[in-house]
Amino acid sequence: MSREGLEVADVFRHFGPAFRDRHGASLSIARWRAMTAIESCRTAALGGHVESCGDCGHQRVSYNSCRNRNCPKCQGLARAQWLTDRQAELLKVPYYHVVFTVPAAIEVIAFQNQTVVYDILFRAASETLCTIAADPEHLGAGSASLVCCTPGDRTCCRTLRHDTRHYHFQHFQ
């Protein structure tokens, strides 16, 4: 069965070598490995096995998967299940999406000191949301009712812009 459409692996195989030549010095080992794994996922590079039909003898080669946690082919079912599980947890109330962005002037520092900067970003964003939530002019939740300072309890960090430059920001939902 042939597949339809373009996949991340196709883009990585086509543009990956040039991208690594240009940006390789700034890529972490984990990102480098993820790209390489995705490029070789379900190809002869990872080996495979032959499946054959017992009735007609038709044979098909199935290549091994990379099992990388960043691979969309390998983690597609797990991702779908995770989304289903998260949707089941949603309350029937309005949700808000808030984004906190690191200023461009400190992007280089943020890239070189990710653990420290992300810790500061998470704490500052959380404290800001708690302050706004406690303010009677906004949510008026009151500080006594706030046990945890992460409203919504869903956060994530993103570190790349669409043009592949680093761009550090945090989403709260």
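Any residue at all in segment 118-134 that is in a loop (DSSP other than H, G, I, E, B) and either under 19 Å from the mean Cα position of the chain (by Cα) or not basic (Lys, Arg) (or both)?
no
Go through segment 31-77 and give me each residue that's in contact (Cβ under 8 Å) with a residue 24 or more places away in the chain and in a helix (DSSP H, G or I).
Correct list: Arg33, Ala34, Ala37, Ile38, Glu39, Ser40.
Considering Gly76, Gly57, Gly48, which residue is modelled with pLDDT of 90 or more, surrounded by 10 or more Cβ atoms within 10 Å (Cβ to Cβ), over 28 Å from Val108 (Cα atoms) and out of contact with any Pro (no Cβ under 6 Å at 6 or more places or on another chain)?
The match here is Gly48.
Any residue in segment 96-109 that is assigned to a strand (DSSP E or B), surrounded by 14 or more Cβ atoms within 10 Å (Cβ to Cβ) and at pLDDT 80 or above?
Yes, that holds for at least one residue.
The values are calculated or read from the model by the stated rules, or taken from the named source; none is laboratory data. On a predicted model such as this, the values are computed, not experimentally measured, just so you know. All Cβ positions, even for glycine, are placed from backbone atoms using ideal geometry, and neighbour counts span all protein chains on display.
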